[in-house]
1. Can you tell me which residue in the range A:176-205 is farthest from the chain's Cα centre (by Cα), limited to those that are of a type outside the set (A, V, I, L, M, F, W, C) and within 14 Å of another protein chain (Cβ to nearest Cβ)?
2. Kindly check whether there is at least one residue in the range A:130-143 that is away from chain B (no Cβ under 14 Å), among the charged types (D, E, K, R) and touching a residue at least 40 places away in the same chain (Cβ under 8 Å).
3. Just one of the numbered conditions (1) within 15 Å of A:Thr304 (Cβ to Cβ); (2) surrounded by fewer than 18 Cβ atoms within 10 Å (Cβ to Cβ) is not true of A:Asp242; which one?
4. Does A:Gly153 count as within 12 Å of another protein chain (Cβ to nearest Cβ), out of contact with any helix residue (DSSP H, G or I) (no Cβ under 6 Å at 6 or more places or on another chain) and buried (at least 24 other Cβ atoms within 10 Å of the Cβ)?
5. Criterion first (touching a Pro at 6+ places or on another chain (Cβ under 6 Å) and in contact (Cβ under 8 Å) with a residue 24 or more places away in the chain) does A:Ile77 satisfy it?
6. Taking the condition buried (at least 18 other Cβ atoms within 10 Å of the Cβ), under 20 Å from A:Gly26 (Cβ atoms), away from chain B (no Cβ under 14 Å) and over 22 Å from the mean Cα position of the chain (by Cα), does A:Ile60 pass?
7. I'd like the full set of residues that are surrounded by 24 or more Cβ atoms within 10 Å (Cβ to Cβ) and among the polar types (S, T, N, Q), limited to the range A:245-276.
Amino acid sequence: MPLPRAEVDATTPKYLRDKYAIVGVGETTYTRGSGKTTRALGTWAVRNAILDAGLKPSDIDGMLSYQGGDSTSGTFISGDLGIRLNFYMDVMGGGSSTEALVGIAIGLIEAGCCKVVAIFRSMNGYSQVRIGGTGARSAAPVGGDMLHNRAYGWQSAGQSFAPTFMRHMYDYGTKPEQVAMVKVAHSHHASNNPKAYYKKRFTVEDVLSSRFICKPLHLLDCCVETDNATAIIVTSAERARDCKHPLVLIRGVVGRCNKPRLDMHYQHGPISTVAGYYARQILWPNSGVGPENIDITGSYDAFTFTTMLQLEDYGFCKKGEGGEYVSSGAIQLGGRRPNNTSGGHLCEGYTHGMNMVIENTRQLRHDADDSCPIGADGKRQHTYDYREGGCRQVKNVEVSANLGWANPSTASSMVMRRG
Amino acid sequence: MAIRGEYLGMGLTVDDLDVENLEYFRHCAEHDFHLQACAQCSRLRYPPTTACPWCATLDSTWKKVEGRGSVHSYSEVHHAIQPAFRGKTPYLILLVDLDTQKGEPTPDEALRVVGNLATPDGQLAPPEMVKRVGIGTRVRMVFSDVAPGLALPQWTIDETASQPAQVWRYPQE
């Protein structure tokens, strides 16, 4: 891989670039109504990631997870799999946690706390605790600082983020039909992903004629809610060379980088700019690459708008031209830089960003789990025919970027490359 | 002392240790909007905080602030999540730039105060009123009374102000 922008004075010590790797990825099925506890789901996903890496449970000695009071702890997952840990921590948080925890895992290994870290997210996001605060939680008393939001019916993610989305349309003339193209692209990708919860292809017209949730969001601008767990395994590049798959190396990470005034970020404008504006100032110099070097992106799609806003603020197009960029064909399979080739949160399933890291890891291995035939060597023979039900492997992928989102004011991100 | 109230069937509480919010809502209950002003740099801040976001000074005083401004952005909710708001759709969530301290200390900053679009007596606005409001609409503050010591600041169309010729609304009705 060429290393452009070598003149950039990176704040990450350059020796950390390519020193760590994602060696295992695993997930459960993406369902609604898993019929299992988050403990059982988490165990299943972590076990799959260990097997995928070609490791044994006893090789894992670090475990990290994130949740919002809706999941299990690493203590149960490690216990169930007979793993004795040298480090574990369960942190609060949803979107933007995956890349941030990869950064923590690198720091832990670098500090000598442990050697091989499993990171998981397990949630019954449909059948138990729904993210929008629906169900029993929606009727909970509202107190203290929440009086400045929930008391106004300003609670769910869509409701909370909508002022950013609206203002972007106002500031830059972004059109609903442009943003709808994010759903169109991701649904096409999902149609080539046998594990996706929604595999149906949608049109711009489908999105715009679906009912309003809260303007500017139609139903089909919003992600799916599912029950599932996902896991990844991080270790040093040195150890990674003994694992099963082609190397997928970590170039740089940004963890929960934010806009000013996290207590209520709308106090500090422009509100149509998101935290990616700040995160990119760390991501690109630290990774030693720029947006022009990225082959595929995993821009968080809690909503169609979040994908667009992040691609714009990370510099994949000029500020204000996100609508044009996402509707240009660039983000679709076969385009210049496909985004969320698994179908992402809009279609594959919702696990707060981790499934997009899993997908990019597989893409960098040149081993996307689509319906292409498996050859004599046990590897998929990719056809690069992106018609419905076909291939979703991007040709010659070398470098990827994951752009995690918690809300307009908090972003995490990660650049990975094929080793 | 802690406050407990009910608004649209939804329980609202302020704990007795939460002195910043107690003081904020006490002024609202008197229909007299106040914000904290920093004891050092004098800047106003919203919502209530425990220190000054610009100079980190802990001390502040409560200062009367005029409840007038223009809509900076909004959402129009059609699918209510909370039971309190079912049957109230569509309702507007407004983010309003107060005229006071707008563009300070940097051009992109403002005191952006949240509220629903309401009638002058503090009831959630009917659909025909919702249709009139967008980015740029001039609004004035009104209050929804909840309990002694607790009222929610809300926004209503400022019928006395000169309104922009056209406000920006989401293109698809």
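1. Our first condition is that a residue be of a type outside the set (A, V, I, L, M, F, W, C); within the range A:176-205, this holds for A:176-178, A:183, A:186-189, A:191-195, A:197-201, A:203, A:205.
Narrowing the set further to residues that are within 14 Å of another protein chain (Cβ to nearest Cβ) leaves A:176-178, A:205.
Values: A:Pro176: 23, A:Glu177: 24, A:Gln178: 22, A:Glu205: 27 Å.
Filtering first and then ranking leaves A:Glu205.
2. Filtering the range A:130-143 down to residues away from chain B (no Cβ under 14 Å) leaves none.
So far as the range A:130-143 goes, no, none of its residues is away from chain B (no Cβ under 14 Å), among the charged types (D, E, K, R) and touching a residue at least 40 places away in the same chain (Cβ under 8 Å).
3. (1)
4. Values: within 12 Å of another protein chain (Cβ to nearest Cβ): yes; out of contact with any helix residue (DSSP H, G or I) (no Cβ under 6 Å at 6 or more places or on another chain): no; buried (at least 24 other Cβ atoms within 10 Å of the Cβ): yes.
So A:Gly153 fails the test.
5. On the way: touching a Pro at 6+ places or on another chain (Cβ under 6 Å): no; in contact (Cβ under 8 Å) with a residue 24 or more places away in the chain: yes.
No: the conditions fail for A:Ile77.
6. Working: buried (at least 18 other Cβ atoms within 10 Å of the Cβ): yes; under 20 Å from A:Gly26 (Cβ atoms): yes; away from chain B (no Cβ under 14 Å): yes; over 22 Å from the mean Cα position of the chain (by Cα): yes.
Against the criterion (buried (at least 18 other Cβ atoms within 10 Å of the Cβ), under 20 Å from A:Gly26 (Cβ atoms), away from chain B (no Cβ under 14 Å) and over 22 Å from the mean Cα position of the chain (by Cα)), A:Ile60 qualifies.
7. Scanning the range A:245-276 gives a single hit, A:Ser272.
One line per residue, one yes/no per condition, for (1) closer than 18 Å to A:Glu398 by Cα; (2) more than 14 Å from chain B (Cβ to nearest Cβ); (3) in a helix (DSSP H, G or I):
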residue	(1), (2), (3)
A:Leu249	yes, yes, no
A:Val253	yes, yes, no
A:Cys257	no, yes, no
A:Arg261	no, no, no
A:Ile271	no, no, no
A:Ala279	no, yes, yes
A:Trp284	yes, yes, yes
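The values are calculated or read from the model by the stated rules, or taken from the named source; none is laboratory data. Since the structure is predicted, the reported quantities are computational estimates derived from the model, not experimental observations. FYI the Cβ positions are ideal-geometry reconstructions off the backbone, even for glycines, and counts take in every protein chain you see.
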